Amino acid sequence: MIDIGEQNQAETALRERKLPLREVQEKLVSIAETASLSDLSASIAHEMNQPLAAIVATSHACQRWLSADPPNLERAKITLERIIRDANSASEAISLIRANFSQMDKAKSTVDIGRVITEVCRLMANELGMKNARTETDFDQSQLQQVLIELTRNAVKALEARDQV
Amino acid sequence: MSTGDFIVFVVDDDARMRESLSDLLDSLGWRAVALGSAGEYISYPRPDLPACLILDVELPDINGLDFQKQILHGDHPPIVFLTGHGDISSSVRAIKDGAVDFLTKPFTERDLVGAIQSAVQQDRAARQERGELETLRERFASLTPREREVLPLVVSGLLNKQAAAELGIREVTLQIHRGKIMQKMEVASFADLVRIAEKLQIPITHSRRSGST
């Protein structure tokens, strides 16, 4: 969820030049990040509810086996093992999410555009092969610019089309 | 609730959830059958016992709420819903269609146990009701065609002589039929017979109103 009020405020401030441009930009970026964070936290909650429900139910079962007269240690042991297993898989899920997060935080670095393009070609090879299309990677800077311009135009068109609906 | 005289069906596509619920029900000494989909539940031969159906809303083959609608008029046990993300409209819909409870994961043991107990109790009462009605229908089926003509007349409140006149028979004969009906329907009083006739939805076709005082 994006706080529209805050975003508008930032944009107004930008127009009125009350805040330095850089500061405003940073603020906008942080708002956008919070938006995806709230979506993310909803999906984490959903991911966690399932194993938590299982862990809680199994724990109660374990408690009952232990307080039975005489205690059923065999069953208690089995349920306890399941609790450990489910708790571990839940914490693995959390680690995975955390890893994805830290990837988002990774510092900016220079990249070799040539390698990026080669990688894209490799990823797309299958799809291109199905259409009998051939790729050429021999181009100069103006041609690369042309590609980026076309992409941007497509994006603008897509936005216009969406607004018309 | 005594052990073994009812059964709890768990329908959830998450194997962990099925396992943990089976563990819990098992530790309570309750009989549980855990199934992975609505289809598996439908094809499972259900024993003739009071039961409860614990149904996950997000099933692989059908939405739990749609499945509830499908089996609404069949002979199925009361439903307790479980969901990973409960919203108000779903829970309202479920309860309106007769669900006993709508629990959001992770739920407390107390809520689950309470929901199962009331579901089983509800099913037990419904089954008893159905059983009684079945017995009454069998008794009614044992009546002769003539007795079946007499029954609606007398439970409508007609005097014996009025009912006899209606059928063109003698009052003494009607009294014999009436006695036979009471015997076959196994009722101790005429008031009981009227009550049973109502349960069997025997139409009240006549009124004593036009008769003598």
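The numbers here are math on the coordinates, done by the rules we state, and not lab data. Note that this is a predicted model, so its numbers are computed, not measured. Using ideal geometry, Cβ is built from the backbone for each residue, glycine included, and neighbour counts are taken over all protein chains shown.
How many percent of Cα pairs in segment B:1-155 exceed 19 Å? Cα-Cα pairs of segment B:1-155 separated by over 19 Å account for 57 percent. Each pair of Cα atoms in segment B:1-68 enters the Kirkwood radius, and Stokes-Einstein at 20 °C and 1.002 mPa s then converts it into a translational diffusion coefficient of 175 µm²/s.
With the Cα gyration tensor of segment A:56-165 in hand, give its eigenvalues times 5 under a square root as the equivalent ellipsoid semi-axes, listed largest first in whole angstrom. Walk me through the numbers on the way to the answer.
Values: eigenvalues 648, 71, 53 Å².
Taking √(5λ) for each Cα gyration eigenvalue gives 57, 19, 16 Å.
Taking GluC sites (Glu not before Pro) across segment A:74-156, the ones in a DSSP loop with at most 15 further Cβ atoms lying within 10 angstrom of their Cβ are A:Glu136.
Binning the C-alpha pair distances of segment A:105-165 at 10 Å intervals from 0 yields a P(r) profile of 16, 32, 37, 15 %, listed from the shortest bin outward. Remark: relative contact order (chain B) = 14 percent; criterion is Cα-Cα distance under 8 angstrom and separation of 6 or more residues. For segment B:66-133, the fraction of C-alpha pairs more than 13 angstrom apart is 67%. Loop-located GluC sites (Glu not before Pro) in segment B:33-129 (DSSP state other than H, G, I, E, B) with a sparse environment of at most 15 neighbouring Cβ atoms within 10 Å are absent.
Going by C-beta contacts inside 10 Å, put A:Leu128, B:Leu151 in order with the fewest on the left.
On the way: A:Leu128 13, B:Leu151 22.
With the fewest neighbours first, A:Leu128, B:Leu151 line up as A:Leu128, B:Leu151.
Per-residue ellipticity at 222 nm computed for chain B from its helices equals -16500 deg cm²/dmol, with DSSP H segments shorter than 4 residues left out and the rest contributing -39,500 (n - 2.57).
Compute the relative contact order of segment B:1-100 as a whole-number percentage, counting only Cα pairs closer than 8 Å that sit 6 or more residues apart in sequence. Can you show the working numbers first?
Numbers: 144 pairs, mean separation 26.2, N = 100.
Relative contact order, segment B:1-100: 26 percent.
Counted by neighbouring Cβ atoms within 10 Å, the residues A:Val147, A:Val56, B:Val194 run from fewest to most as A:Val147, B:Val194, A:Val56. Over the Cα atoms of segment B:71-213, the radius of gyration divided by the Kirkwood radius equals 1.25; this is the Rg/Rh ratio. Helix B:171-184 axis versus longest C-alpha principal axis of chain B: approximately 20°, rounded to the nearest ten.
Close amide H partners of B:Leu82, meaning residues 5 or more places away or on another chain with modelled amide H under 5 Å apart, are B:Leu55, B:Asp56, B:Val57, B:Leu103.
To the nearest ten degrees, helix B:190-199 and the longest principal axis of the Cα atoms of chain B are 50 degrees apart. Total lysine pairs in the protein assembly as shown at Cα distances under 25 Å, for residues eight or more apart or on different chains: 12. For B:Lys180, A:Lys131, A:Lys157, the sequence from fewest to most other C-beta atoms within 10 Å is A:Lys131, A:Lys157, B:Lys180. Derived value for the protein assembly as shown: Kirkwood hydrodynamic radius 28.6 Å. Basis is the mean of 1/r over every pair of different alpha-carbon atoms.
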